[in-house]
1. State all residues of the stretch 243-258 that are within 31 Å of the chain's Cα centre (by Cα) and open to solvent by less than 40 Å² (accessible area, probe 1.4 Å); if no residue qualifies, say none.
2. Looking only at the stretch 15-46, which residues are free of Cβ contacts under 8 Å to residues at least 60 places away in the same chain, within 22 Å of residue 305 (Cβ to Cβ) and either open to solvent by less than 40 Å² (accessible area, probe 1.4 Å) or in contact with an Asp or Glu (Cβ under 6 Å, 6 or more places away or on another chain) (or both)?
3. Out of 286, 324, which single residue is touching a residue at least 40 places away in the same chain (Cβ under 8 Å), within 23 Å of residue 26 (Cβ to Cβ) and either open to solvent by less than 50 Å² (accessible area, probe 1.4 Å) or under 18 Å from the mean Cα position of the chain (by Cα) (or both)?
4. Quick check on the stretch 139-161. Is at least one of its residues part of a helix (DSSP H, G or I), exposed (fewer than 12 other Cβ atoms within 10 Å of the Cβ) and modelled with pLDDT of 65 or more?
5. If residue 292 passes every condition in (1) open to solvent by 10 Å² or more (accessible area, probe 1.4 Å); (2) at pLDDT 85 or above but one, which one does it miss?
6. Looking at residue 201 and the list (1) over 23 Å from the mean Cα position of the chain (by Cα); (2) in the same structural domain as residue 288 (by the TED database); (3) of a type outside the set (Ser, Thr, Tyr); (4) at pLDDT 70 or above, which single condition is not satisfied?
7. Failed condition for residue 315, given (1) buried (at least 20 other Cβ atoms within 10 Å of the Cβ); (2) free of Cβ contacts under 8 Å to residues at least 12 places away in the same chain, with all others met?
8. Could you pull out the residue among 271, 237, 261 that is part of a helix (DSSP H, G or I), over 20 Å from residue 315 (Cβ atoms) and open to solvent by less than 40 Å² (accessible area, probe 1.4 Å)?
Amino acid sequence: MNAIFGCLTAISSDYWTYTLFRFLSGFSTGGTGLCAFVLATEPVGQSWRGVAGMSTFYFFSIGIAALSAIAYFFQTWRSLYIASSIPSIIFVILLLPFIHESPRWCLVRGKVDEAMKIMRKIAKSNGKHLPDDVVLALDSEVNDDVPDSQSVSKEALNGSLLDVLRLPLTRFRLFLAVVINFLCSVVYYGLSLNAVNLGTNLYLNVALNAVAEMPAYLLTALVLDKLGRKPLAIGTMWFSGIFCLAGSLAKGDGTWKLVRMVCGVLGIFGMAGTYNLLFVYSMELFPTVVRNAALGCATQASQMGAILAPFVVVLGGGIPFAVFAFCGIAGGLLVIYLPETLNRPLYDTMAGMEEAEAKKPSNLS
């Protein structure tokens, strides 16, 4: 869909046709990114889940840096849409055949045999052997008698956004995740778009912003399992907010242009760390049965922030930086109310999560 609608956008004959294909392109892109992240992290064990989740975003930054180079050589919008659609075609042909389904998803859908086959493939690819008597079980079943046969038929468990809203614990988490992702997205996309207000080379500035994200991902991945999700999210959002505040106070031309550019690069450095961290953090806040629905809602909030960002940028002057500073600092304050998920299991069912969380002294600890 991404490749098809991207190429169709390039041959649009009028504005409304163009708008339709851009809408459909955005629809397909959002689904690809979300599912790719969930597929990359759900099969990974607790000790490496954070690092695996963060590593997916290196390619996101490489893509943005590559886009600035592609845009430099294909400066007409029609040719740019075609050139930027080619990677999706490459993905379908070269990568998609080697991707397997998430074993967690298979398990909650009652496809135990399929989940076991995938686990055995993963074990084999790692040079390991999965014992024949191993049986997969949901977290809500750990206290039940586990059957000897791994081919037992189980009822598929379904979850939706309504289930998330029905439980007070997940409802509060979803509200915070939506607002925090929205604020983070305003800053993240806004700082990238704000390059037009800095009076510097547009292609160079976009490339620098993308390059600045990579060390942010590396640094965040290195300290993620030492500091925890919560303090790291607060710190990176406040780091970005402080430099955005500094950028709003930098007036004038000459050296001040460079100062604003540095503030923008450091601001996106901090918010890039938050942006990918929030994906890992958000997926750990919800069980498998509703994870895609909850993450989809949080991602939609991010897209709304991306829609709002251009309207902030066109205000010009120091106003965009001031708005980004407010969003960064406010987002960090809201993270305080989320629970820490470091070294916590990745729950499969609502009942399993609710039972485990009830045993904790405090959900805010």
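1. Passing the criteria: 244, 247, 248.
2. In the first step, residues of the stretch 15-46 are kept if they are free of Cβ contacts under 8 Å to residues at least 60 places away in the same chain; the result is 15-25, 27-29, 31-32, 36, 40, 44-45.
Subsequent filtering for residues that are within 22 Å of residue 305 (Cβ to Cβ) retains 19, 22-25, 27-29, 31-32, 36.
Residues satisfying the conditions are 25, 28, 31.
3. On the way: 286 fails: within 23 Å of residue 26 (Cβ to Cβ).
Result: 324 is the single residue among 286, 324 that is touching a residue at least 40 places away in the same chain (Cβ under 8 Å), within 23 Å of residue 26 (Cβ to Cβ) and either open to solvent by less than 50 Å² (accessible area, probe 1.4 Å) or under 18 Å from the mean Cα position of the chain (by Cα) (or both).
4. Within the stretch 139-161 (the criterion being part of a helix (DSSP H, G or I), exposed (fewer than 12 other Cβ atoms within 10 Å of the Cβ) and modelled with pLDDT of 65 or more), the answer is no, since none of the residues qualifies.
5. (2)
6. Here residue 201 meets the rest and fails (4).
7. (1)
8. 237
The values are calculated or read from the model by the stated rules, or taken from the named source; none is laboratory data. Everything numeric here is computed off the predicted structure, so don't read it as measured data. Neighbour counts run over all protein chains shown; Cβ positions are idealised from the backbone, glycine included. Areas reflect the complete protein model, heavy atoms only, side chains present, ligands, DNA and RNA absent. Shrake-Rupley method; radii C 1.70, N 1.55, O 1.52, S 1.80 Å.
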